[in-house]
1. Considering only residues that are more than 16 Å from the chain's Cα centre (by Cα), at negative phi and not acidic (Asp, Glu), look in segment 52-63 and name the one that is surrounded by the fewest Cβ atoms within 10 Å (Cβ to Cβ).
2. Within segment 37-51, does at least one residue satisfy the condition of being assigned to a loop (DSSP other than H, G, I, E, B) and modelled with pLDDT under 95?
3. Given the criteria in contact with a Gly (Cβ under 8 Å, 6 or more places away or on another chain) and over 12 Å from Lys6 (Cβ atoms), does Leu170 qualify?
4. As an exercise: evaluate Lys4 against (1) surrounded by fewer than 13 Cβ atoms within 10 Å (Cβ to Cβ); (2) more than 22 Å from Lys134 (Cα to Cα); (3) in contact with a strand residue (DSSP E or B) (Cβ under 9 Å, 6 or more places away or on another chain) and give the number of the one condition it does not meet.
5. Name the residues in segment 102-119 that are charged (D, E, K, R) and assigned to a helix (DSSP H, G or I), would you?
6. Only one residue in Ala76, Ala66, Ala28, Ala116 is over 12 Å from the mean Cα position of the chain (by Cα), buried (at least 23 other Cβ atoms within 10 Å of the Cβ) and under 27 Å from Leu144 (Cβ atoms), so which one is that?
7. For segment 141-159, which positions are assigned to a helix (DSSP H, G or I) and touching a strand residue (DSSP E or B) at 6+ places or on another chain (Cβ under 6 Å)?
Amino acid sequence: MRKKIKNTTLELVEGDITEMETDAIVNAANSALKLGGGVAGAIARKGGPKIQEECDRIGGTFVGGAVITTGGNLKAAHVIHAVGPRMGEGNEDRKLKDATLNSLKLADEHHLKSIAFPAISTGIFGFPMDRCAKIMLSTTIDYLNGDTGLERVIFCLFGSEAYQIFTKELENLCR
């Protein structure tokens, strides 16, 4: 599914984010920037050790924050590590919005033209998929209606259920 937001194409796809041919992919990171399981583990396996080495040099970031590293052996040149909230820690909605917004800003600061997001915090962090879709999509649409150099923003969703939830939310937001 595709929607045009000002000068940017916003796209939903079902698939493997590590295979995306974008300038950057977003890693659903932890605050220590340790690439463990889930999306981060897949990125570490396919991207190679350079990504973790750069994360170790950076040392970490706050919940809601984002940092950028090389993409190592991935098709994407960069990985933006966005730290989403764990359910139950408080202010989860604001923290997820901040992680999304800081990723978009970082992409623009580095003059990137395309970025692919996963559904941040919906894995082991336990964030509900429908709330994630609403927050991430509305934050992205608001951002793209401003001044940005981004030409493509993709939400690469794992599984048909996630894809369907994001599709329904995008249709609601773009009426």
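1. Looking at residues that are more than 16 Å from the chain's Cα centre (by Cα), at negative phi and not acidic (Asp, Glu), I get Arg57.
2. Taking every residue of segment 37-51 in turn, at least one turns out to be assigned to a loop (DSSP other than H, G, I, E, B) and modelled with pLDDT under 95.
3. No; evaluated as a whole, the condition is false for this residue.
4. (2)
5. Lys105, Asp108, Glu109
6. Just one listed residue meets the conditions, Ala76.
7. Answer for segment 141-159, where residues must be assigned to a helix (DSSP H, G or I) and touching a strand residue (DSSP E or B) at 6+ places or on another chain (Cβ under 6 Å): Ile141, Leu144.
Results for (1) farther than 20 Å from Ala40 by Cα; (2) of a type in the set (A, V, I, L, M); (3) touching a residue at least 40 places away in the same chain (Cβ under 8 Å); (4) not in a loop (DSSP other than H, G, I, E, B), shown as yes or no for each residue.
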site: Asp93; (1), (2), (3), (4): yes, no, yes, yes
site: Thr100; (1), (2), (3), (4): no, no, yes, yes
site: Ser121; (1), (2), (3), (4): no, no, yes, no
site: Ile135; (1), (2), (3), (4): yes, yes, yes, yes
site: Glu161; (1), (2), (3), (4): yes, no, no, yes
site: Gln164; (1), (2), (3), (4): yes, no, no, yes
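The values are calculated or read from the model by the stated rules, or taken from the named source; none is laboratory data. Treat the numbers as computed from the prediction; the structure is a model and nothing was measured. Backbone-built Cβ (ideal geometry, glycine too); neighbour counts: all protein chains shown.
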